[in-house]
1. Starting from the Cα gyration tensor of the stretch 209-260, take the square roots of the eigenvalues, sort them a ≥ b ≥ c, and report rounded, prolate or oblate (rounded when a/c is under 1.5, otherwise prolate if a/b is larger than b/c, else oblate).
2. Taking square-rooted eigenvalues a ≥ b ≥ c of the alpha carbon gyration tensor, is the stretch 67-192 rounded, prolate or oblate, where a/c under 1.5 means rounded and, failing that, a/b exceeding b/c means prolate?
3. Pairs of alpha-carbon atoms within less than 8 angstrom and 6+ residues apart define the contacts here; what relative contact order does the stretch 67-192 have, in percent?
4. With a 10 Å Cβ neighbour count serving as the proxy for reagent exposure, in which order, fewest first, do 119, 78 appear?
5. Decide, for the stretch 195-292, between rounded, prolate and oblate: order the square roots of the alpha carbon gyration tensor eigenvalues as a ≥ b ≥ c, take rounded if a/c falls under 1.5, and otherwise choose prolate if a/b is larger than b/c, else oblate.
6. Output the relative contact order of the stretch 195-292, whole-number percent, from Cα pairs under 8 angstrom with separation of 6+ residues.
7. Compare the peptides 164-171, 242-249 by average per-residue count of other Cβ atoms within 10 angstrom and give them in order, highest first.
């Protein structure tokens, strides 16, 4: 009797009626039938010509990349690191030159992002003006748009901000004083959270006037890691309806548009963005009367 058959015959887990299977790795499959009668209790073997399939163990999932892929969230990650590295830089083995270089990278990359967002919003405004000039569906007279207000320029840096940041993180994580808690404070460790319900998620706007500017208050509502930016639109009561104001990643946006000659009500609304697309619900429309 074969080893497989003898194992099944002696096994206390025999089937009362029917059959049992035993697959030996790398061997032909064997199905052993037991005949539980008083005069015969000999197993019968049937050999199949096909080999047993190789079992594939699930591969462990790769660890998530600690560098954020979205442009805006990567910019925020660079800024978080810059703002928090100071007190722990020496203990982690960073030189003053490395600290200054990373700060310069963070500042310039975020400057480019801010300029890019302003130019995108301005381009969409000119697209609306172009269509209205040709088709004329908007009421009122609109012949031009205000020039975009760009942030104060910062010194440029060589290309390869992300590559340098990755190399710096590898150095820090290999050091003897690096800990997970330090990495969390620097924004370079993954944090596990449950994602929000995107079907109901919406920004909350709070408007106020400071001098000759409108302050548009908004926040991430604790879901910053799952969102890229906030898209804000405005209706200035000039017949154009809602037009794109800006894309922003910094809660609390300042509308720098000059106030009109006469008091008028301005309306604002916003929606979150993820992967270059709007997501969730529009905020409730907020209004503020701006003075002359």
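1. Numbers: a/c = 3.21, a/b = 1.67, b/c = 1.92.
The shape class here is oblate.
2. Values: a/c = 3.95, a/b = 2.84, b/c = 1.39.
Prolate, since a/c reaches 1.5 and a/b exceeds b/c.
3. Working: 81 pairs, mean separation 45.6, N = 126.
Reported relative contact order: 36 percent.
4. Numbers: 119 12, 78 25.
Arranged by neighbour count, lowest to highest, 119, 78 become 119, 78.
5. Working: a/c = 2.43, a/b = 1.99, b/c = 1.22.
It comes out prolate by the Cα gyration axes.
6. Working: 211 pairs, mean separation 34.3, N = 98.
RCO, the stretch 195-292: 35 percent.
7. Working: 164-171: 15.0, 242-249: 19.9.
Listed from highest to lowest mean packing, they are 242-249, 164-171.
Each reported figure results from applying straightforward, stated rules to the coordinates on display, with no laboratory input. These figures come from a predicted structure and were not determined experimentally. Neighbour counts are summed over all protein chains in view; Cβ atoms, including those assigned to glycine, are modelled from backbone coordinates with ideal geometry.
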